[in-house]
1. Over what distance in Å are the Cα centres of the range 107-181 and the range 205-235 separated?
2. Which percent, nearest 5, of DSSP beta bridges in the range 42-242 are antiparallel?
3. Comparing 203, 101, 84, which has the greatest mean-square fluctuation in the GNM of the chain with Cα pairs linked when under 10 Å apart?
4. What ranking, highest mean first, results for peptides 123-129, 154-160 when packing means the other Cβ atoms within 10 Å averaged over each residue?
5. For a paramagnetic label modelled at 7 Å from the Cα of residue 40 toward its Cβ, which residues of the range 57-96 fall within the zone defined by backbone nitrogen distances under 17 Å?
6. Once you put a point 7 Å from the Cα of residue 179 and another 7 Å from the Cα of residue 231, both along the Cβ direction, what distance in nm separates them?
7. Peptides 219-229, 34-44: what's the order by average Cβ count within 10 Å, highest mean first?
8. Could you give the alpha-carbon Rg of the chain over 2.2 N^0.38 Å, rounded to two decimals?
Ligand SMILES: C[S@@+](CC[C@H](N)C(=O)[O-])C[C@H]1O[C@@H](n2cnc3c(N)ncnc32)[C@H](O)[C@@H]1O
């Protein structure tokens, strides 16, 4: 049995305020742009996966995650990873899990990549691409053990709310790639979005709310966590668990 990375529910194993104690030698810019738009295709390069947008041949990517990680360890995915501070720390603290950080902006994915290189995190895979594309085309059914979305873009205007990632179509995709007992952890400072998250996920027939509280101190830090905590905002932490799937029968 491996320890469970229930970040937020127990003391972090290493402690300390900075996750990055090593000497930095790789800069984000050391990762080159991997393809021109017209030549876009899924590429695994120097430990990072690029998932092109507006692309219809995702199935051409044929590496397995076992080949990428060189092991069969359970998979945890963080969507919307930003500069990767939170997930790099998680990968350091929980080496018995494989960690995938999905971020749509290349410049931020490069920052995750440089943390991976500088900290020699073989169990961290930065993915540059949309969370929705990655979830739909790259993750297999019943595959992931834990999913996290920390401080997703809140899109506070009503007219922009349709862009929020936590909506029923995304949760349906996530359900397909999760196994029974998979947990989904959502963290946000935005009250209205947090209410929407709770409504969407706990309203889904397969997910159950198991924790709903103030962000635990030992959860791990990130740029946006520090930003909003510094402004004294209430940071809501919501954890959900996927239930068993019972096929409907006629008996
Ligand atoms: C507010 S930032 C939070 C970053 C990080 N989680 C943190 O706590 O510092 C939200 C991040 O989500 C990324 N993002 C937004 N929509 C996304 C999507 N559909 N797929 C992947 N990344 C996305 C943005 O580029 C941005 O870096």
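Rule-based calculations on the coordinates, nothing more; no lab input. Predicted model only: the values in this text are computed from it and were never measured. Reconstructed Cβ throughout: ideal geometry from the backbone, glycine too, with neighbour counts over all protein chains shown.
1. Cα centroid to Cα centroid, the span is 17 Å.
2. Values: 16 of 39 bridges.
Roughly 40 percent of the DSSP beta bridges within the range 42-242 come out antiparallel.
3. Comparing 203, 101, 84 in the GNM, the peak value goes to 203.
4. Per-residue mean Cβ counts within 10 Å order the peptides as 123-129, 154-160.
5. Residues passing the 17 Å test: 57-61.
6. My value for the distance between the label points is 4.0 nm.
7. 219-229, 34-44
8. Cα Rg divided by the expected 2.2 N^0.38 Å: 0.99.
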